Structure formats: structure tokens, C-alpha cells
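Accompanying notes for the structure given below.
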Amino acid sequence: IPPPMRAHLDACDPPSPTEFTMNRAARALVRFAELNLVADWPMQGPMDVIFCRNVVIYFDADIQSTLWCRFSQSLDIGGYLVIGHSERLIGPANACFERIGNNVYRKVADLAAAEMTAL
């Protein structure tokens, strides 16, 4: 975990070298809510991280592609997208991300720029 991000973390009890909890200040910045992914989204970006695990696999390929594009448009460059182990990025948004873990992606380009590079 990069040092700037560690400033927002506390050690777990019992201590673990691989597990942390967010401190109160960081938790105050996080909003957890139900969201209909195919309807209009009430929040606007840019966001630093999106966790959407084991949900997108239940949609058809067209809706999956649309959702990955929406996530890409909502993330800031350098932002993270964390998805489920069974999920894969498909469609134009795939070119916007680099895979940095089994199910963690970092946004490296805006959608329009990534589409132009793919041409």
C-alpha cells in the first residue's frame, strides 16, 4: 500500500501485515448505498476507487460493456476498479485500464483517448 494511502489506515486487532481498517476520517468520506446500475446514477465523478464485485457477471455482454464504460468515465486517471474474480472487462473500456492484480485495475486513459489509440 503506497505511503500516502497508509495515512488513512489503522492496524487491525489483532495486528496483521496484510490487513488494515480505514481510520475514522477516511470512513467519513466513504458512502455505501444501494444503486441500480442500469438506471441514472445519483453520484458524479471523478472517483478514486470503485468496488463492484460479482454483480456485472449477471448482465448480458452489451450491458456489461456499458457498465465498464460508465465506471471508466466515473474514475479519475489513476483510479482503481475492483471487480469480482469471475468478471472480465469487455468492450471499449478495456483499453482504459491496466490490470494490476487478479481483480484490480488502474485507469490509465480516458475512454475517448483509449478508443483513438485502438484505431
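Data overview
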read-out	value
Of residues in segment 33-48 being of a type in the set (Gly, Ala, Ser) and out of contact with any helix residue (DSSP H, G or I) (no Cβ under 9 Å at 6 or more places or on another chain), the one modelled with the highest pLDDT	ALA39
Matching option when the condition is surrounded by fewer than 18 Cβ atoms within 10 Å (Cβ to Cβ), under 24 Å from PRO2 (Cβ atoms), outside the structural domain of MET5 (by TED's automatic domain parsing) and without any contact (Cβ under 8 Å) to a residue 40 or more places away in the chain, among PHE51, PHE59, PHE71	PHE51
Where a residue in segment 12-37 is in the same structural domain as PHE59 (by TED's automatic domain parsing) and its partner, wherever it lies, is acidic (Asp, Glu) and assigned to a loop (DSSP other than H, G, I, E, B), with Cβ under 6 Å and at least six apart	none
Residue among GLU87, GLU98 that is at pLDDT 90 or above, of a type in the set (Asp, Glu) and part of a loop (DSSP other than H, G, I, E, B)	GLU87
Criterion: within 25 Å of VAL108 (Cα to Cα), polar (S, T, N, Q), assigned by TED's automatic domain parsing to the domain that holds LYS107 and loosely packed, with under 10 Cβ neighbours inside 10 Å - qualifying residue of GLN64, GLN44	GLN44
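The values are calculated or read from the model by the stated rules, or taken from the named source; none is laboratory data. All values derive from a computational prediction rather than experimental measurement. Because the Cβ atoms are built from the backbone with ideal geometry, glycine has one as well, and the counts that use them run over all protein chains shown.
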